[in-house]
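Accompanying notes for the structure given below.
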Amino acid sequence: MCMCNKLVSLLVLAVLVPASAAAAKAVPTPYGAVSLPFELHQVPDAPVYYVIGRSGVPDAVNEGHTSNAGFVVTDAGVVVFDALGTPALGYRLLQRIREVTDKPVERIVVSHYHADHIYGLQAFKEHAGAPPVWAQQQTLGYLGGSAASQGEDAERRLAQRREALFPWVDEKTYIVPPDHTFADGATFEVGGVHFELKHLGPAHAPGDSIMVVKDYGVLFSGDVIYKGRVPFLDSPQTDIAHWLEGLDYLSNLQPPPRYIIPGHGTASEDMHKAVAVTRDYIEYVRAAMRKAVRNFVPFDEAYAATDWSRYKDLPAFDASNRGNAYRIYLEMEAESFD
Ligand SMILES: [Zn+2]
C-alpha cells in the first residue's frame, strides 16, 4: 500500500470523526431524540445538580429546552425541581439522575404550571414510578382552563406546542396534574435533608413558588427570577406589584442562599445580583410608563421616546418588551384613575 492511500484514509478519518461525534450527541428517548448538549452542573460541595436551558422562546432549534431544572440527591431518594418543556427533555433529566444515583425519585416539585416547566413530568410518570408531583394550589386553575388562566390556557398552549415542538410534543403528550398542593408553603424532609417551599405568586404566574434546600443553602427560584432574557410581563395573570414583593422576600431570605438557580438563565452565587436583574427591568419600565401617564403622553409616543438601549440586546427583547411596556402603561393608567 502506498503512502498516499494511507494519507487518504487518514484524511477520510479526520473528516468522519467530527461528523460522527456530532451525530453521537443525538440521544434517543421514547419521546424523540434530543440532540442538544444536555450538560449537568453540580452545586459546589453539595449533592445538588441542575441543567440550564437556552435563552429565547421554545422552538425546533432549541428543542424546547428553554427552562432550567434540578435535583437533590438524599439517602432516601431524589427530590426534583421542575421537569422541563418536553417529555423527551424530562426523560433526559431522568437519564442524568440515573448517572448520579440509583435512588428512587421521591417527589417532583413544580415551580408553576407553564408548559416550559411541566411537559417533562410525563417521562417521570411513565419511566420513574410516577413520583408524586407537588405544586401550589393556584396551579390548578391552569388545568381547569378558567377565565383566570387565560394567559396560559393549558389546552391552547398544548396545541401550540404540538406545532412548534413536534416531534418532541405530539398527540401523545399530556399534562400531568399535581398530586399534592399547598397554599402558603410547605416544609418536608427527605433522607435527612430539609426543604422549604414558599408561594410567592401571583408574580409571573399565579402559582409561582420557590424551593430552598436548607442544608445546602440552595435556592431554586422558578420564574420569580428571570435571567439572561427580558422577563415576560404581558399576561393577564402577571401581578407586577406582587412580583416586586416576591423579589424583596428573596433579597431578605435568612440565611441568604449561597447558590441560586433561576427558572431561566445562569446560576448565581449573589442573591442581590440575581434579584436585581429582574427588579431593575421591572422598575425601569414602570418609571418610564408612570411618567408618560402622568404627562398624558400616548403610549406609542412614550414607547418611542423611551431609551431602551440597556435592554435591547437581551434575548426576547423584540418578542416581549413592547407588550410588557403596554401592560404596565395600562396598569399605571388604571392606578391614576383610582
Ligand atoms: Zn418559564
Open item on the list: Take the residue pairs 227/291; 125/172; 25/172 and return only those whose Cα atoms are more than 18 Å apart.
Closed with: 227/291; 25/172
- [ ] Would you look at the GNM of the chain, springs on alpha carbons closer than 10 Å, and say which of 47, 206, 255 moves the most?
- [x] 255
Open item on the list: With +1 assigned to the C-beta of every Lys and Arg and -1 to the C-beta of every Asp and Glu, and no other charges, what is the dipole magnitude of the chain about the Cα centre in debye, to the nearest 20?
Closed with: 920 debye
- [ ] Could you point to the residue in 205, 78, 38 farthest towards the positive end of the stretch 26-279's charge dipole, with +1 and -1 charges on the Cβ of Lys/Arg and Asp/Glu respectively?
- [x] 38
TODO: Can you list which of the GluC sites (Glu not before Pro) found in the stretch 229-338 are DSSP loop residues with at most 14 other C-beta atoms within 10 Å?
DONE: 269
Task: DSSP-loop trypsin sites (Lys or Arg not before Pro) across the stretch 159-194, with at most 15 other Cβ within 10 angstrom - done: 172
Open item on the list: Given the DSSP H assignment, sum -39500 (n - 2.57) over each helix run of at least 4 residues in the chain and divide by its residue total; what's the result at 222 nm in deg cm²/dmol, nearest 500?
Closed with: -12000 deg cm²/dmol
Task: Most fluctuating residue given options 53, 222, 129, as computed from a GNM of the chain linking Cα atoms under 10 Å - done: 129
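When the gyration tensor of the chain is built from Cα positions, what are the square roots of 5 times its three eigenvalues, in whole Å, from largest to smallest?
Whole-Å semi-axes of the equivalent ellipsoid: 36, 27, 20.
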- [ ] State the antiparallel share, in %, of DSSP beta bridges confined to the chain, rounding to the nearest 5.
- [x] 65 percent
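Taken together, the values in this text are just the output of simple stated rules run on the coordinates, not laboratory data. The shown structure was predicted, so the numbers you read here are calculated from the model rather than taken from an experiment. Neighbour counts run over all protein chains shown; Cβ positions are idealised from the backbone, glycine included.
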